[in-house]
Amino acid sequence: MPAGSVPGSLLRSEIASQPDEITGFLDRQAERVWALAGKLPPFSYALVAARGSSDHAATYARYAWGALARLPVLPATPSLHTLYRTPPQLDHALVLGISQSGQSPDVVAVIEDARRQGRPTIAITNDGDSPLAQAADHIIELGLSTERSIAATKTYTGQLAAVALLGAAFSRDRARLDEVMRVPDAVARTLAAAAAPAALAAARLRGISGILCIARGMNDATAHELALKLRELLRLSTDAFSAADFRHGSIALVADGQPLLLIMPAGLAYEDMRTLAGEVRERGGDVTVISDQATAAVDAASFLPMAAGVPEWLTPLVAVLPGQLLAVELALARGLDPDRPRGLPEKVVRTL
């Protein structure tokens, strides 16, 4: 049988490769990123341009860099640079572009405008020869093997690893860097532990017509990334919320049988997420939980484990993995091929 002819085999291999891919990236780039952060000119805040999954990595940056270095992080508005041609003044900014392919013209435009204004720029991309890489002052090249499947998995976790390295470097705390270097082991342990539970959860959830993905704090990015994965692979109606925002009206969506995916690892956000899990279960919600805490299973119909002992600021690199496995298993349970998701015929999307 030709390689890749088994439905889901390509995406499964991409997911399974993440421990080795992240290890390779960290080994190549950790000290280089540390040195880069130390030689940047002064800046007061970071502005990040990204689209799709890369934008979720940018959301992670808002929390990680803020928590570790008290650095304000703002999302760029690429359409001001392209459609409206009124780029904002970027005084005192460090400007970053995040793009797996480095091909998105609007993300490139933000970096080009920042350089014209004399601001320091960094590209995080998997292609060191891409337009984004060529436009930036500095490049953090992921160097991951070519992603053969359409739905981003390892390129997303690779971007998160790059954001985490920058967070450690901005903090100037070598202990934070040591924490990042231990992440691949947690990634491997999570993939091993979550595989069977993900398959069981998918069998139970195969008939759902939509799902709400909810987290808080560091894992707000994880909720949005998993909502996107479930849309891409399953053609499901999905939405993602911060737990805090969800309580401001959207909790009304929860009724008998409403599926919810709650991402709730240990940390400062855990107790609030555990309270929310009980609230939505009482309203009749069907709760699936991703967590490293046994107590999180109390209100869950399905429990997807992740490795324990990961510092909260790094849990997005690990918490996304059971959701990736769940998306693949759900697609297969519904008779879909996750290697060929409908509506995503091209690997590179070039937004203007």
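The values are calculated or read from the model by the stated rules, or taken from the named source; none is laboratory data. Remember, predicted model here, so these are calculated numbers, not experimental data. Positions of Cβ are generated from backbone atoms using ideal geometry, with glycine treated the same way; all protein chains shown enter the neighbour counts. Heavy atoms of the whole protein, side chains included, go into the accessibility calculation; ligands, DNA and RNA do not. Shrake-Rupley method; radii C 1.70, N 1.55, O 1.52, S 1.80 Å.
For region 99-154, a tally of residues being outside any helix (DSSP H, G or I), crowded, with 19+ Cβ neighbours inside 10 Å and of a type in the set (Lys, Arg) returns 1.
Within region 60-86, track down each residue that is of a type in the set (S, T, N, Q) and either out of contact with any helix residue (DSSP H, G or I) (no Cβ under 8 Å at 6 or more places or on another chain) or surrounded by 24 or more Cβ atoms within 10 Å (Cβ to Cβ) (or both).
Just the residues of region 60-86 that are of a type in the set (S, T, N, Q), to begin with: 77, 79, 82, 86.
Within region 60-86, 77 is the sole residue that qualifies.
Within region 10-57, the set of residues being open to solvent by 40 Å² or more (accessible area, probe 1.4 Å) and of a type in the set (Gly, Ala, Ser) comprises 13, 16, 35, 38, 44, 52. Among the residues of region 279-304, what is the count of those that are open to solvent by less than 30 Å² (accessible area, probe 1.4 Å) and either in a loop (DSSP other than H, G, I, E, B) or among the hydroxyl-bearing types (Ser, Thr, Tyr) (or both)? The qualifying residues number 7.
Every test in (1) over 21 Å from residue 312 (Cα atoms); (2) within 19 Å of the chain's Cα centre (by Cα) is passed by residue 185 save one, and that test is (1).
A single entry from 240, 252 fulfils the requirement of being outside any helix (DSSP H, G or I) and open to solvent by 10 Å² or more (accessible area, probe 1.4 Å): 240.
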